[in-house]
Amino acid sequence: MKSARTTIAALLILSAQWALAQNSINGKITDKASGYPLGNASVYIPDLKLGAAAKDDGTYEMKNIPAGTYLLEVSFLSYTSQYKEFTTSGEQTFDFALEASSIDVQEVVVTGVSSATERQSDPVPVSVLGQKELLQNSASNLIDAITIAPGVSAITDGPTISKPIVRGLGYNRVVVMNDGVRQEGNQWGDEFGIEVDEYTVHKVEILKGPASLSYGSDAMAGVINFIDAPTRPEGRISGNVLANYQTNNGLLAESFNIGGNQKGFTWDLRYTNKMAHAYKNKYDGYVWNSAYGESDLKAVLGLNRKWGWSRLTLSYFDLKLGIVEGARDSATGKFTQNVLIDGEGGADIAPASKYTDHNFYTTIHQLVRHYKAVWDNSFALGSGRLGVRLGSQQSFRQEANDITLGDVYNNFFYLRTLNYDARYIFPEKNHFEMSVGMNGMQQKSEDRGTVFLIPEYSLFDAGLFAIGKKTSGKLTVSGGLRYDVRTLKANDLYVDSSGVRIASREANSVAEFTAYTSNFSGLSGSIGASYDINEHVYVKANIARGYRAPTAAESGANGIHDGTPFYEIGDHELNAESSLQFDGTFGMKSKDVTAELNGFVNNINDYIFVEKLHSMLGGDSMQTDVAASLTAGPAYKYRQGDATLSGGELVLDIHPSAVKWLHFDNSFSMVNAVQKNQPDPTKYLPYTPPYKLRSELKFMLTKNEVFRNAYIKVGMDYYFQQDKIHYKYGDETVTPGYTLINAGIGSDIRSKKRTICSLYIYASNIADEAYQSNMSRLKYGDTNNTTGRIGVFNMGRNISFKLVIPFDMKK
């Protein structure tokens, strides 16, 4: 009994001490020039997913803050955001006087760092796009939308299939993060896009350079992190309705969002629906089978307490899309569709009446579904924090491409992924931050179709890492080390003489895939520094080693994908790629000009590429895929060599303080990609982005009582000629330069001091320029015999109308 009483007394004392030691911050947010309170200004701690809004008198308060050191972000529309690093110590008061500004600068990053950090102190080049930039521009999909960022482009295969390219590298060399975990589908394939609802994205951070240190294998080129909106302030229930219409392809999109925060319990719900008919351009007219439809649902439940926070995210992505083949009638040059003729596959001119139909899909189409659940947690342990994150994903990617089978998905990839991440962030001491942890994933795939390109496989990888950052005056040094291991096991797969899958080897059967096991390991690391020369000028430098294990496609492919005539052959003896990249940055900021110059050199050892095989007689080596029942195709096999990529980006923003309504934004991107020890025809890496110049002139009206944050802008994207191509096999051709002119107008519309709605109108390719992007796979379609033009052209003039209607149910 005495022992029990002693225990109870100790617990009561500890509880009392804990209650007395509760941490909170408060203060007032005002206009710097007038001292006028800024009601509804946002106060947010990114590492805690904890936010508050200022009251009408400008005061704010945040309670139950776990012990630790955090970065506090204070922002208000049309004002320059301010940031303050603080260490919890009971009740603290922080006042902020914000300065009016027309510039929307995103200065806090969370990608690839232990805790939220100001972008200027991060030695790794990072581009940031905010929600306003995404709303003020338009694109046919989310990946195309982020190509406005310097150094970012996309491999495209129609209006819905785009894969991000960062500084000339893509596919499994770029990691896409969404909801805090790697987005895992079938990113190794040309015809597979990214499964993310664009309207759920509040901010995009693009880390350019090897990021294996934080994310392991596949982050050799960089990371694209799609970040949700901050949780709502305590006591608020709000949402919005978004509608989008685009003239070129008749896009109709609606998205509904509502969420709240009641006593630390947070929730958020969004539903999106889209549908579009075929797109058009000046040369092709409407492009056959380029329609698509999409439905997405996402729910988030969270809890914020003094011990930390916990958050559960559930999402569903559903996309149905036509596959643009570009086949044409030899006599008229019109697009053709696949038809049955006497039970066999044939072609006929596509019916004109179906080009502008919504929800119309030919037999040749894809169905993509992606389910995801992520449980994300942060626990206060002493003055440090323990983060634990688990994710579960299921990817269903089905493709019907055989008219003789009807609406049957003969290609059917199913992938299950378990993501895990655990890390401990030590308490900051003497301006030194450090975190250690382990993360990785487990995967298992199935071929549920009747044709097979890669083997069924299971994969497990794990990485141990340590990351540190030390700040001393104007100098910040950061870096770390990581060790990864990965095991890839591929399974046998047999087909009979007619190409039908069988359970095991039989007489006269064919081994489509033979089982193998590959083990990989790699050491990654980086060291970099940033230095503020004075309050206006800064420099940064970083050296990083990246690591990437071969994919199941590179190591095990054996078959023809019906979207191409090529027979792909993998090699399970491939080594892991490794890279060494050097980055340097010179930047300046003043009240009139912001500029940054980034340069890089990336040397890759054991770079994996495909090489065409030749027969003993000197011609193409032709291979027959028994399971696919297709004619023989030229064979390509995965090989390895060394490569060097170099280039950089220049950003120049002119925003005269004496002319606050004017903003002139410019950027230039370049990358050169060369395979070492190769002759001229194969010297350059295929699908290297051309040099790009982007300029935009914006005029703003921020203080009108009815039209708040109004703007008019006009811009130009100039793509230089790309003649540094991989041309040995005729699989890439020179792309002429072209210019796209764009313009936009928009405003928040207010009444009685509250926003009724926001309107964004954006016209892309105003001159209706007929062009083919060097990064478009549709460029290599059939020849139009009536014009002599080869392939399918990109989208022509398009005007996008977006309307956002916010609402508050409880403030």
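Taking a 1.4 Å probe, which of Thr702, Thr111 shows the most accessible area, and what order do the others take after it?
Thr702, Thr111
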Subject >> Largest-first principal axis extents, alpha carbons of the stretch 310-364, Å >> reply: 63, 26, 17
**OP:** Compare the Cα positions of His655, Leu297, Asn141 along the charge dipole of the chain (+1 at Cβ of Lys, Arg; -1 at Cβ of Asp, Glu; about the Cα centre) and return the one farthest towards the positive end.
**Re:** His655
Original post:
What is the calculated FRET efficiency for Gln92 to Glu446, with r their C-beta to C-beta distance and R₀ = 41 Å, to the nearest 0.05?
Top reply: 0.15
Subject >> Whichever aspartates and glutamates have a C-alpha closer than 17 Å to that of Lys274, once near sequence neighbours (fewer than 8 apart) are set aside >> reply: Asp144, Glu195, Asp197, Glu198, Glu254, Glu294, Asp296, Asp318, Asp357
Original post:
Taking 0.36 nm per residue of separation and subtracting the Cα-Cα distance, what length does fully extending Asn40 through Asp496 add?
Top reply: 157.3 nm
Subject >> Isotropically averaged projected area of the stretch 450-537, using the convex hull of Cα atoms (one quarter of hull area), nm² >> reply: 9.5 nm²
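I'd like to know how the stretch 486-578 sits against the 2.2 N^0.38 Å rule of thumb: what's its Cα Rg over that expected value?
1.83
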Original post:
Over the alpha carbons of the stretch 708-784, what is the largest minus smallest coordinate on each principal axis, giving the biggest first in Å?
Top reply: 66, 21, 21
Original post:
Can you list the residues, at least 5 places off or on another chain, whose amide H is less than 5 Å from the amide H of Asn785, using H built in the peptide plane?
Top reply: Gly333
**OP:** Can you find, among Pro455, Val196, Tyr414, the residue farthest towards the positive end of the dipole of the chain? Put +1 on the C-beta of Lys and Arg, -1 on that of Asp and Glu.
**Re:** Val196
Original post:
Separation of the stretch 305-323 and the stretch 678-703 by C-alpha centroid, Å?
Top reply: 32 Å
Original post:
What net charge is computed for the residues neighbouring Thr30, neighbours being all others with C-beta under 13 Å from the C-beta of Thr30, Lys and Arg scored +1, Asp and Glu -1?
Top reply: -2
Subject >> Inter-label distance for Asp190 and Tyr780, nm, one decimal - labels placed 7 Å from Cα along Cα-to-Cβ >> reply: 0.4 nm
Subject >> Listed candidates [x] 29.5, 106; [y] 38.0, 120; [z] 27.4, 100 - label of the one calculated as Rg and Dmax of the Cα atoms in Å >> reply: [z]
Subject >> Rounded accessible area per residue of the stretch 130-255, 1.4 Å, Å² >> reply: 21 Å²
**OP:** Please give, to one decimal in nm, the separation of the simple spin-label points placed at Asp680 and Lys810, each 7 Å out from Cα toward the Cβ.
**Re:** 7.3 nm
Subject >> Folded to 0 to 90 degrees: helix 2-20 orientation relative to the chain principal axis, Cα >> reply: 90 degrees
**OP:** Give me the percent of the accessible area of the chain that comes from carbon and sulfur atoms, probe 1.4 Å, all protein chains in place.
**Re:** 57 percent
Subject >> Point-charge dipole on Cβ atoms (K/R +1, D/E -1) for the chain, about Cα centre, debye to 20 >> reply: 2880 debye
Subject >> Length released on extending from Ile749 to Ile712, taking residue separation times 0.36 nm less the Cα-Cα span >> reply: 11.8 nm
Original post:
Roughly how many debye, to the nearest 20, is the charge dipole of the stretch 642-765 about its Cα centre, given +1 on each Lys and Arg Cβ, -1 on each Asp and Glu Cβ, and no other charges?
Top reply: 820 debye
Original post:
Taking a probe of 1.4 Å, how large is the accessible area per residue of the stretch 302-452, in Å²?
Top reply: 45 Å²
**OP:** Please report how far the C-alpha centroid of the stretch 525-542 lies from that of the stretch 771-788, rounded to the nearest whole angstrom.
**Re:** 45 Å
**OP:** Rank-order 424-431, 88-95 by packing density, defined as the average count of other C-beta atoms within 10 Å over each peptide's residues, highest first.
**Re:** 424-431, 88-95
Subject >> Rounded accessible area of Tyr547 (nearest 10 Å², 1.4 Å probe) >> reply: 10 Å²
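When the chain is fully extended, how far beyond the present Cα-Cα distance does Asn508 get from Asn672, taking 0.36 nm per residue of separation?
Details: separation 164, 0.36 × 164 = 59.04 nm, distance 4.95 nm.
Gain on stretching Asn508 to Asn672: 54.1 nm.
The values are calculated or read from the model by the stated rules, or taken from the named source; none is laboratory data. Quantities reported herein were computed from a predicted structural model and do not represent experimental measurements. FYI the Cβ positions are ideal-geometry reconstructions off the backbone, even for glycines, and counts take in every protein chain you see. Side chains are part of the model used for accessible areas, which takes the heavy atoms of the whole protein and leaves out ligands, DNA and RNA. Shrake-Rupley method; radii C 1.70, N 1.55, O 1.52, S 1.80 Å.
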